[in-house]
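Please read the structure below before turning to the comments.
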Amino acid sequence: MRLGVLINMSEHEHAGVHHPVKSIEQEFQKVKDMGIHTCQLNCWNRSMLNSKVADTVLASSKNVGIDITSFWCGWDGPAVWNFYEGPLTLGLVPEAYRNDRLKMLLMGSDFAKMIGVENLITHVGFVPEDPNDVKYKGLVSTIRYLASYCKRNGQHFLFETGQETPVVLLRLFEDVELDNLGVNLDPANLILYGKANPVDALDVIGKYVRGVHAKDALYPTTGKYLGLEVPIGEGKVNFPELIKKLKSMGYDGPITIEREISGEQQIKDILNAKALLEKLI
């Protein structure tokens, strides 16, 4: 296992920014300066999914010596991260946004291919629990199309965990019937959404794990809002048991630290997480 950190391109990619080259190389250098050598690259801006930016990203990562292990592609439109508006706005589940978001994810697959990355990740949304739901049937077709496209690009399409239970994810994989579907296991998200104990979730979806986020959280305390993200070691994720179980299942991929705050505290929390995780892996 190799430790990584998440790099969010969104801070550097808004329309009108004329020098994304310098910015992304600076971000890679920050990662290197922390003694970390891999990253997951995130992008929520459709306008950046082109060959010019891809060339910049590829050159910058090579110049600094950072290995990009996965590409997380977002999507346009509203996004409300709670239990009421979330099912109506997030991912590919809402039919009103599905086709446009699919197009952006196809662009994301092409971008990932240009930078030599084999894992494309996103949040698919609140996958219906009921497999007879009309939204579920349409979603299966959409995922099959997207995963087939990724396969032609030599890629796996990964679901970031959290908004669906592990068994719902397993069922969706079985119904799509393609061998390039996988999981980006975010243990904190499983807790934030109240969907599963991350260690136990591996009994259901462990064989599909191709990426892992190192993030910690507390369970929800209301029926409307997600739980609270906290620094690693202060939440409900049992990292010693999680890493032990991943090892026992043969996982040897990246462990990517994610801390969804900014500034000096983010760097401090990442370095603390690095020290804790290095003892475990």
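A few notes on this one:
- Selection from segment 67-90 of residues that are out of contact with any Ser or Thr (no Cβ under 7 Å at 6 or more places or on another chain) and over 15 Å from residue 45 (Cα atoms): 70, 81, 82, 83, 84, 85, 86, 87, 88, 89, 90
- Selection from segment 163-181 of residues that are surrounded by 23 or more Cβ atoms within 10 Å (Cβ to Cβ) and either free of Cβ contacts under 8 Å to residues at least 40 places away in the same chain or small (Gly, Ala, Ser) (or both): 166, 181
- Restricting segment 225-261 to residues that are over 18 Å from the mean Cα position of the chain (by Cα) and of a type in the set (S, T, N, Q), the residue that is farthest from residue 119 (Cα to Cα): 238
- Residue match in segment 3-26 (condition: among the β-branched types (Val, Ile, Thr), closer than 22 Å to residue 215 by Cα, at pLDDT below 95 and not in a helix (DSSP H, G or I)): yes
- Complete set of residues in segment 228-255 that are part of a helix (DSSP H, G or I) and hydroxyl-bearing (Ser, Thr, Tyr): 248
- Pick from segment 200-227, criterion of a type in the set (A, V, I, L, M, F, W, C) and assigned to a strand (DSSP E or B), ranking: nearest to residue 165 (Cα to Cα): 209
- All of (1) in contact with a Pro (Cβ under 8 Å, 6 or more places away or on another chain); (2) part of a strand (DSSP E or B) hold for residue 157 with one exception: (1).
- Options 217, 188: the member that is over 15 Å from the mean Cα position of the chain (by Cα) and surrounded by 23 or more Cβ atoms within 10 Å (Cβ to Cβ): 217
- Residues of segment 194-211 that turn out to be surrounded by fewer than 24 Cβ atoms within 10 Å (Cβ to Cβ) and under 20 Å from residue 230 (Cα atoms), as a count: 5
The values are calculated or read from the model by the stated rules, or taken from the named source; none is laboratory data. Keep in mind that what you see is a predicted model, and the values were worked out from it rather than measured. In this analysis, Cβ positions are derived from the backbone assuming ideal geometry, glycine residues included, and neighbour counts consider all displayed protein chains.
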